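The values are calculated or read from the model by the stated rules, or taken from the named source; none is laboratory data. The structure presented is a predicted model; accordingly, all values stated were derived computationally and were not measured. Every residue, glycine among them, receives a Cβ derived from its backbone with ideal geometry; neighbour counts consider all protein chains shown. Ligands, DNA and RNA are stripped out before the accessible areas are found, and what is left, the full protein with its side chains, is counted by its heavy atoms. Shrake-Rupley method; radii C 1.70, N 1.55, O 1.52, S 1.80 Å.
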Amino acid sequence: MSAVVQDPQLMVVNPPLVQGARDLHDLTDQISSVVEAKVYETPLKYWITLMCTGSIVLLLGAMLTYLVNTGIGVWGNNRPIGWAWDITNFVFWIGIGHAGTLISAILFLFRQKWRTSINRSAEAMTLFAVMCAGIFPLFHTGRPWRAFYWLFPIPNTDLNLWQNFRSPLIWDVFAVSTYFTVSLLFWFTGLVPDLATLRDRATCKIRQVVFGILSLGWRGSARHWRHYEQAYLILAGISTPLVLSVHSVVSFDFATSVIPGWHTTIFPPYFVAGAIFSGFACVMTLLLIARWTLNLQNLITIKHLDNMNKIILVTGSVVGYAYCTEFFIAWYSGNIYERFTFLNRAFGPYWWAAWTMYSCNVFIPQLYWFRKMRTNLWVMFVISITTNIGMWFERFVIIATSLTRDFLPSSWGYFHPTWVDICTFIGTIGLFLTLFLLFARFLPMIAMSEVKGVASHEKHVFAGQVEGSPSHR
Amino acid sequence: MSHSPDPAMLIAQIKDKLGIGEDKVYAVIGEFAEPEELVEAGRRIRGMGYTKIDAMSPFPVHGIDEAIGVPYSKIGWIAVCGAIAGITTAQVLIYYVGKIDYPLIIGGKPLFDFTYSIPPTFELAVLFTAITTFLCTWGLSGLPRLYHPSMNYRSAHRASDDRFLLVVEADDPKFDAQKTAQDMRSVGANDVEVVEG
């Protein structure tokens, strides 16, 4: 083993995941210093960005208040397009969240050590994305304060009725609320040892008390770790089928209907692949910004980014394959409605949306076949943005083009978003960014205990080689 | 009912039970710089006949459980119980709601069928497993708690940073403050200290 790992070429092929940190204490210092910085020590650009995104959250609040006061007619939903931007945004945000669970759970089960630098922020992203997603169906009910009784099987005298468990919409409620709860528990479990580190480093009373309570009295005892590791494995093990089930159930909302373009069995895997694709792109956008603003180049290395780009390439190609299959089956099925829907998708009134989606999701990511492209920060930043634009359009195309042409030409229509539609969607982007910025500043964004485990392991693997190696700055 | 016990006495009794107090000795603690040293020292200390050994580390150290004899975690079995509870709850709920309390005929579909109950059943199984696992992780570790005598150790704060601590607790039958501290030094521990409860 050691003869292989001492090979100098290894540094090129398989560079260390933690670079530039001399010892474990350095790692603690580097990651904690972001959280422990005084207000004026945090770069001004951070506070300005936070103010901007915070203002957008106010916009979201205003839009939702307006909607509740007036009614959901303020959205552009019409007949025949009863589901439009709201469900598009819902599926979009849920999809974004899926990469977080994939990174934290599935890559954990595959023992992919490179996940340790990015899993905490990816998990946080999941939580925030699911929060944004939840807003749309909740407010689409029109009376969100009563939705609790409508959505959950709570015995009540308000309605005196129960949910219909034959409907995929109620499955969706179960899937998404379970997903949020499990992601939250998983995230908090991972956070506890790091909160204990912050508690032990705290110098002022308030931080000691706050982190003392949040860390639950964790002291890193061997007995703690034994339960903790077992629990982490179980949570990862159940999150893996969970994440696959959530987007499958979301796709059932469409697939169990009898609308041409929706009623297909390919939807569950196709939706899951698309979700992971868009989610990884979103993690990439956020990480590139965080890496640059918080100087985390030695922890989020080019190798991490390269690996993520490979996953984006794979999932993007899976999505492209699904597009081809859909077209093939539409032709092969011999069903005239199905054929019409797909021709209409590519060449009908929404041709511009469809071709945006094909370009952003299928063609552009093909650049990642080239290593030069996978390791170029500007290229990956641009592709991460175009991917998310493409994936938003994918949901919009699926939802709008199928509804826009009903079976009877008298029921054909077109969807125009209202300003409330647009501002609400922008508002959720603001909410997402605000929550992420707050998280990056006030909680350890990188899982210290996990990175230390990897660093300690690598110290032996790369014995004598890490010293003096230039970090990718 | 006749009289309530003196609060001060009660606190003293609880502290006594928990092994807390300045007159009590909690353990002998020593520190190591490397995880491998901790495992090796743990193995040697256990070889000397100590049984109440613990270790504190900033990340899970591989091999420490076998070295100092930490029993296998039972969380897996409890999680299975959580999953079964989730499946049962979902099936009973969907059956009761659909077939008994609120039968609605929609599109001629059966009032209860195993197939359409699968998605919510799966989700509830996952939810119950996750909540059970989460609660047990802390419950079995004796958490949450605000105070633990190990915090009195001079460099206890470094156990969450970059040091690996080995603990021999005072309720070990072989424990003797002087002797144990000596044993601890003999296996290579730095900063050996007799820590008060």
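Structural remarks
- FRET efficiency for residue A:23 and residue A:113, using Cβ-Cβ distance with R0 set to 25 Å, rounded to 0.05: 0.85
- Estimated vicinal HN-Hα couplings, Hz - the range B:174-181 in sequence order (Karplus 6.51, -1.76, 1.60; Gly, Pro = x): 8, 6, 8, 3, 5, 5, 5, 4
- Residue with peak Gaussian network fluctuation, chain B [Cα springs, cutoff 10 Å], from B:85, B:55, B:27: B:85
- Summed residue charge, Cβ within 15 Å of residue A:97's Cβ, Lys/Arg positive, Asp/Glu negative: 0
- Here the range B:1-132 exposes an accessible surface that is 67 percent carbon and sulfur, computed with a 1.4 Å probe and the other protein chains kept in place.
- Cut-off of 10 Å, at most 13 other beta carbons, DSSP loop: longest stretch of chain B lacking such chymotrypsin sites (Phe, Trp or Tyr not before Pro): B:1-71
- Order of exposure, largest accessible area first, which applies to B:146, A:191 with probe 1.4 Å: B:146, A:191
- For the range B:149-190, the Stokes-Einstein estimate of translational diffusion at 37 °C and a viscosity of 0.692 mPa s comes to 288 µm²/s, using the Kirkwood hydrodynamic radius over alpha-carbon pairs.
- The residues neighbouring residue A:64, those whose beta-carbon lies less than 15 Å from its own, together hold a net charge of -1 under the Lys/Arg +1, Asp/Glu -1 convention.
- Net +/- balance of residues flanking residue B:10 in space, Cβ distance below 15 Å, scoring K and R +1, D and E -1: 0
- Across the range A:280-287, computed HN-Hα scalar couplings (Karplus, 6.51 cos²θ - 1.76 cosθ + 1.60, θ = phi - 60°) run 5, 4, 5, 4, 4, 4, 5, 5 Hz from first to last residue, x flagging Gly and Pro.
- Inter-label distance, residue A:310 to residue B:172: 4.6 nm, where each label sits 7 Å from its Cα along the C-beta direction.
- Loop-located trypsin sites (Lys or Arg not before Pro) across the range A:44-117 with a Cβ neighbour count of 13 or fewer within 10 Å are A:111, with loop assigned by DSSP.
- For the range B:1-152, the fraction of C-alpha pairs more than 18 angstrom apart is 75%.
- Rolling a 1.4 Å probe over the protein chains gives residue A:141 an accessible area of about 40 Å².
- Interface area, chains A and B: about 5300 Å² of buried accessible surface, summed, with a 1.4 Å probe and ligands, DNA and RNA left out.
- Solvent-accessible area, 1.4 Å probe, carbon plus sulfur percent, for the range A:324-382: 76 percent
- Take residue B:124: with every protein chain present and a 1.4 Å probe, its accessible area is about 20 Å².
- Label sites at residue A:336 and residue B:13, each approximated as a point 7 angstrom past Cα along Cα to Cβ, lie 8.8 nm apart.
- Over chain A, the pair-distance histogram of Cα-Cα distances with 10 Å bins from zero comes to 4, 18, 28, 26, 15, 7, 2, 0 percent, rounded to whole numbers.
- The range A:286-387, accessible area per residue, ligands and nucleic acids excluded (1.4 Å, Å²): 48 Å²
- Förster-model FRET efficiency, 41 Å R0, residue B:62 and residue A:318, C-beta, rounded to 0.05: 0.70
- Estimated FRET transfer efficiency when R0 is 56 angstrom, pair residue A:44-residue B:113 (beta carbons, to 0.05): 0.40
- Among B:42, B:107, B:82, the largest mean-square fluctuation in a Gaussian network model of chain B (Cα springs under 10 Å) belongs to B:107.
- Shown are A:397, A:68, whose ranking by accessible area with a 1.4 Å probe and every protein chain present, most to least, is A:68, A:397.
- Burial of 50 Å² or greater, the range B:121-154 residues [accessible area, probe 1.4 Å, versus chain by itself]: B:122, B:123, B:126, B:127, B:130, B:134, B:138, B:141, B:143
- Accessible area (Å², per residue) of the range B:100-197, counting only protein heavy atoms and a probe of 1.4 Å: 47 Å²
- At a probe radius of 1.4 angstrom, the accessible area of the range A:110-255 per residue rounds to 35 square angstrom.
- Max mean-square fluctuation residue, GNM over chain B, Cα-Cα springs under 10 Å, options B:38, B:18, B:111: B:111
- Additional length obtainable on full extension of the chain from residue A:72 to residue A:159, 0.36 nm per residue less Cα span: 29.2 nm
- Cleavage-rule hits (chymotrypsin sites (Phe, Trp or Tyr not before Pro)) in the range A:136-222: DSSP loop, at most 12 neighbouring Cβ within 10 angstrom: A:145
- Peptide A:178-185 shows a mean partner chain C-beta count of 5 within 10 Å per residue C-beta.
- Reach of residue A:303 by Cα under 28 Å, taken over lysines that are not fewer than 8 positions away in the same chain: A:45, A:113, A:372, A:452, A:459
- For the range A:97-198, relative contact order (Cα pairs under 8 Å, six or more residues apart, normalised by length) works out to 25 percent.
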